[in-house]
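The next block holds one structure in the form of structure tokens; read it before the comments.
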Amino acid sequence: MSRAYNFCAGPATLPESVLAQARDEMLDWRGTGMSVMEMSHRSDEFVEIAEMAEQDLRELAGISDDYAVLFMQGGASSQFSTIPLNLLGEKTSADYVNTGIWSKKAIAEAKRYADVNVVASSEEGGFASIPDQASWQTSTDAAYLHYTPNETIGGLEYDFIPDSGSVPLVADMSSTMLSRPVDVSKFGLIYAGAQKNIGPSGLVVVIIRKDLLGKARKETPTMMNYQVIADNGSMYNTPATYSWYLAGLVFKWLKAQGGVKAMGEINRRKAEKLYDFIDVNEFYANPIDPRFRSWMNIPFTLQDDTLNSAFLEGAGARGLLNLAGHRSVGGMRASIYNAMPEAGVDALIQYMADFAKERG
Ligand SMILES: Cc1ncc(COP(=O)(O)O)c(C=O)c1O
């Protein structure tokens, strides 16, 4: 069996050694005679798996005891409503920055619960840049300031953490979590759908400053109430046990790679290689302001888009999969999360060079 290089934006490629370990432990987890999938979430064995995953995540991301770490379900999208329901408290408005499709989805959902103030938007410029923070029309009355540090579809990534003053800063880190060091203490809440840098889809990791717990609106569904989830160790109901276990294996793998600092250096190198190639080869183009180019998701277009299908077909023949851009934007996109080996990026660049030579 040979593994392809899978450039999917999510669910995304996982480290091969993690999948191999999961395979080896599939039928009998450490002499228990059962798979993790079959274990009671209340069993000592699973509680150990769950606690170890949280501890490793805390260590990797530098999360202090001032924060609760929650392993929730429903993906990142469910957080678009969970956040306003929990964080508005007595307030009625929240600030949002609009930098792409995921920001827009978060904004649309928040509007069901809050007066949403879009403090800045790069929509007019086709979401090719991040508006200068000096121009943001923030309000000190806002319950929180929400932004999307990495726009997975557009390939646009902040190179700074916004200063939100005393207003809690909320970040959708779905596609950038654990890809480079981040100072968690600057945030009120961080959330990330797991299926890019953490593990299987469905699971969503929420890191919330403890003073923000306990403010949920009365009508908040119990399963969306951060306080309830925190009080019950993310086991108010049956959690996504197998996804949690796999996330734990990914955290162990990340630690063995040298943690997020080492990962950040590798990720920078992988992304720079690909952007450098795109910039010098006139057959390809990337539309994003170079300062804000994503390290994780790299969209690019071909000089002649009638060649898109041929490009994808040739890529598939070389085991380079899922390079089509998001259906809403077209073109191509290479998602190169932590688990994409540098050799995968090299193979992609080699293919792009060969294709341009042949068809350019
Ligand atoms: C930045 C960002 N936010 C939210 C989501 C939605 O995640 P989910 O499908 O887990 O709801 C995605 C998914 O790709 C994403 O990239």
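Throughout, read-outs are computed from the coordinates displayed, never taken from laboratory work. Please read all numbers here as calculations on a predicted model, not as lab measurements. All Cβ positions, glycine included, derive from the backbone under ideal geometry; neighbour counts span all protein chains shown.
Quote the Stokes-Einstein diffusion coefficient, in whole µm² s⁻¹, for segment 259-359, based on the Kirkwood radius over alpha carbon pairs, a temperature of 37 °C and a viscosity of 0.692 mPa s. Walk me through the numbers before you get to the answer.
Working: Rh = 13.8 Å.
The estimated diffusion coefficient comes to 237 µm²/s.
Please report, in debye to the nearest 20, how large the charge dipole of segment 61-128 is about its Cα centre when each Lys and Arg carries +1 at its beta carbon and each Asp and Glu carries -1 there. Can you show the working numbers first?
Numbers: 5 positive and 8 negative charges, 55 e Å.
So the magnitude is around 260 debye.
In straight Cα distance, which lysines are under 20 Å from LYS91, not counting same-chain residues fewer than 8 positions off?
List returned: LYS111, LYS210, LYS215, LYS218.
List the chymotrypsin sites (Phe, Trp or Tyr not before Pro) within segment 290-325 that fall in a DSSP loop (any state other than H, G, I, E or B) and whose Cβ has at most 14 other Cβ atoms within 10 Å. Intermediate values should be presented prior to the final figure.
Values: sites: PHE292, TRP295, PHE300, PHE311; in loops: TRP295.
Sites meeting the loop and neighbour criteria: none at all.
Could you order the peptides 168-181, 233-246 from most to least packed, using the average number of other C-beta atoms within 10 Å per residue?
Working: 168-181: 24.3, 233-246: 18.9.
Packing proxy ranking, top to bottom: 168-181, 233-246.
Along each of its three principal axes, how wide is the spread of alpha-carbon positions in segment 190-275, in whole angstrom units, largest first?
Sorted from largest, the Cα extents of segment 190-275 read 51, 25, 20 Å.
For segment 138-280, build the charge dipole from Cβ charges (+1 Lys, Arg; -1 Asp, Glu) around the Cα centre, then report which of GLY154, SER243, SER174 sits farthest towards its positive end.
So the residue furthest toward the plus end is SER243.
Using +1 at the C-beta of Lys and Arg and -1 at the C-beta of Asp and Glu, which of TYR351, TRP295, PHE311 has the Cα lying farthest in the positive direction of the dipole of segment 259-359?
Of the options given, the answer is TRP295.
Cβ under 14 Å from ILE161's Cβ, ILE161 left aside: what net charge do those residues give with Lys, Arg +1 and Asp, Glu -1? Numbers along the way, then the final one.
Values: positive: ARG180, LYS186; negative: GLU157, ASP159, ASP163, ASP172, ASP183.
Net charge in that neighbourhood comes out at -3.
Taking a cut-off of 19 Å, what percent of all Cα-Cα pairs in segment 171-226 are separated by more than that?
Working: 569 of 1540 pairs.
Taking all Cα-Cα pairs of segment 171-226, the fraction more than 19 Å apart is 37 percent.
When you count, for each residue, the other Cβ atoms within 10 Å and take the mean per peptide, how do 40-49, 102-111 rank with the highest first?
Details: 40-49: 14.5, 102-111: 19.3.
Result, highest mean first: 102-111, 40-49.
Based on a Kirkwood Rh over C-alpha pairs, give the Stokes-Einstein translational diffusion coefficient of segment 24-114 at 25 °C and viscosity 0.890 mPa s in µm²/s. Please report the intermediate quantities before stating the final value.
Values: Rh = 16.5 Å.
In µm²/s, the coefficient is 149.
If you project the alpha carbons of segment 7-73 onto their three principal axes, what span does each projection cover, largest first, in Å?
Between the extreme Cα coordinates on each principal axis of segment 7-73 lie 38, 37, 21 Å.
Could you tell me which of GLY193, TYR337, GLY33 has its Cα farthest along the dipole of the chain towards the positive end, charges placed at Cβ (Lys, Arg +1; Asp, Glu -1), taken about the Cα centre?
Checked the options; the winner is GLY33.
Hey, how much of the P(r) for the chain falls beyond 41 Å, as a percent of Cα pairs? Please list the in-between numbers first.
Details: 8266 of 64620 pairs.
Tail of the P(r) past 41 Å holds 13 percent of the pairs.
Which loop-located GluC sites (Glu not before Pro) does segment 118-218 contain, where loop means any DSSP state but H, G, I, E or B and the Cβ has at most 15 other Cβ atoms within 10 Å? It would help to have the intermediate numbers written out before the result.
Working: sites: GLU123, GLU124, GLU151, GLU157; in loops: GLU123, GLU124.
Sparse-neighbourhood loop GluC sites (Glu not before Pro): GLU123, GLU124.
Charges only on Cβ, +1 for Lys and Arg, -1 for Asp and Glu: so what's the dipole of the chain about the Cα centre, in debye to the nearest 20? Please list the in-between numbers first.
Values: 32 positive and 44 negative charges, 60 e Å.
Roughly 280 debye for the chain.
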